[in-house]
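Undergrad: Got a structure for you, questions after.
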Amino acid sequence: MSAIVAIVGRPNVGKSTFFNRLIQRREAIVDAASGVTRDRHYGKSDWNGKDFSLIDTGGYVVGSDDVFEKEIDKQVELAIEEADAIIFMVDVETGVTGMDEDVAKLLRRVDKPVLLAINKVDNAKRAADAVEFYALGLGEYYGISSINGSGTGELLDALVEVLPEKKADDSELPRFAVVGRPNAGKSSFINALLGQERYIVTDIAGTTRDSMDTKYNRFGFEFNLVDTAGIRRKAKVKEDLEFYSVMRSVRAIEHSDVCLILFDATRGFDGQVANIFWLAQRNNKGVVILVNKWDLVENKETNTLKQYTQDIKQSIEPFVDVPIIFISVLTKQRIYKALETAVEVYKNRSKKIKTRKLNDVMLPIIQHTPPPAYKDKYVKIKYVTQLPTPYPQFAFFCNLPQYVREPYKRFLENKLRENFDFSGVPVTVFMRKK
Ligand code: GDP
Ligand code: GDP
């Protein structure tokens, strides 16, 4: 699990420019490999060997400055609640504005690291102008230029310095997160599993940041439920903000091994649910998709079910090897089946296949269908091994790894899936030089 860093600040100060600068290098590689388009406001970065997730909170506000003014308290409040560190960005060109002062006021009360980044400090003259931001009462600041990169190194040095160390998982139990859009039925689902009592207990305990987990032990299942939107939801923040569910989901997903992605069958698997799915996928988490409120769907003949399944798979291509279960929290239909499946996915994700077995199965397949020649070069794959990572990653050793193209890697992934059940789990295939 990596730390979460939120960038806050009013529109046009340069948040997304800065965000793109940090995310670009790494995401470009990820995108090329997976062919997946990325969320423009959430990404992973690293500095001095420390990984972190970066969220551009401004990206989730659409509209003019006055819309923003109304939203900003909620945005900052959420960032404060969910992030491990906050970068507060202001603009030296405009100088201190009233909105900056409002945000600073909120941030001064926070006991999390806040770094004040004064952007658009493109030259020495502007560096001198930056001193006026001392007036915000946030202490030291970092003058940066998101456009030319100056000063960003110092800011990142300071940032990774204050990020919390990765905590070793305190429990060997599987960690399941129930995620989805508001009103999908997440808290009803958790209540149905835990019973009202546990809900109340969790609600109180949940006021501290570190009690993210609720231990669950019933009917032969034992695991930790990762606290999400559903459990500690309070009226504080308006529910229908996309930002709200994304922020919450990011945190829950990062803490989990398996994500149960719940959506409302009457509303469909829309873009926002797909976003949550990609968050889980990109973090290499196990996934189970739960189509909830199935009781409300009429004409449940096979066709409807098939149609739903088809639609979902279309939105999650190419990672379609994911269990999809139709449930009703209201009637408790298949809610334990959902759990059982999550346990299976957890097992698939921690599965280790012996090198011998792996080669016995994969080498004949490769021999039968070798990588196509590329630029007149023939690739010879010698052997394959599973890497000792917490989720399945495979290295195929060969003479010319750079000549193996994406479609062939996908072919290898599919063969791995066919032969060793990895249902619900992202599988990574690397080509390595031998
Ligand atoms: P956001 O609304 O906070 O995400 O701001 P954007 O990243 O969209 O930037 C707003 C404008 O400021 C754009 O025209 C950027 O090109 C410009 N900008 C961003 N960073 C810098 C910088 O370091 N120096 C200068 N001169 N302009 C910048
Ligand atoms: P959350 O925001 O995802 O935690 O959603 P809630 O658990 O608060 O549920 C939102 C609404 O959907 C509530 O009115 C629930 O009673 C209702 N609901 C949840 N699950 C089901 C279901 O399986 N069938 C029906 N008909 N309603 C449900």
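Undergrad: Could you check the spin-label model distance between Asn217 and Lys332? Points 7 Å from the Cα along Cα→Cβ, value in nm.
TA: 2.2
Undergrad: Under a straight-distance cross-link criterion of Cα-Cα below 17 Å, which lysines are reachable from Lys105, leaving out those fewer than 8 residues away in the same chain?
TA: Lys70, Lys74
Undergrad: How large is the direction-averaged shadow of the alpha-carbon convex hull of the stretch 282-343, in nm²?
TA: 4.8
Undergrad: For the cross-link pairs Lys357/Lys380; Lys285/Lys382; Lys50/Lys215; Lys313/Lys415; Lys44/Lys125; Lys215/Lys306, which exceed 24 Å when the distance is taken from alpha carbon to alpha carbon?
TA: Violating the 24 Å limit, Cα to Cα: Lys285/Lys382; Lys50/Lys215; Lys44/Lys125; Lys215/Lys306.
Undergrad: Starting from 0.36 nm per residue, how many nanometres of slack lie between Asn399 and Gln314 once their C-alpha separation is accounted for?
TA: The span from Asn399 to Gln314 would gain 27.1 nm if fully extended.
Undergrad: For the stretch 349-389, report the translational diffusion coefficient in µm²/s to the nearest whole number, using Stokes-Einstein at 10 °C, 1.306 mPa s, and a Kirkwood Rh over Cα pairs.
TA: The Stokes-Einstein estimate is 135 µm²/s.
Undergrad: Another question, if that's okay. Please compute the length gained on full extension between Ala274 and Asn299, using 0.36 nm multiplied by the number of residues separating them and subtracting their Cα-Cα distance.
TA: So the extension gain works out to 6.5 nm.
Undergrad: Which residues' amide hydrogens lie under 5 Å from the amide hydrogen of Gln333, considering only partners 5 or more residues apart or on another chain, with H built in the peptide plane?
TA: Ser328
Undergrad: While we're looking at this one, here's another question. So how long is each side of the stretch 90-195 along the principal axes, counting just the alpha-carbon atoms, biggest first, in Å?
TA: 61, 31, 26
Undergrad: For Arg432 and Ser350, FRET efficiency with R0 = 22 Å and r from the beta-carbon atoms, rounded to 0.05?
TA: Efficiency computed from Cβ-Cβ geometry: 0.45.
Undergrad: Then there's this: Take the alpha-carbon positions of the stretch 281-434, form their convex hull, and give its projected area averaged over all directions (one quarter of the hull surface) in nm².
TA: 10.7
None of the figures in this text is laboratory data; all of them are computed from the coordinates on show. These figures come from a predicted structure and were not determined experimentally. Methodologically, a virtual Cβ is constructed for each residue, glycine included, from the backbone with ideal geometry; neighbour enumeration extends over all protein chains shown.
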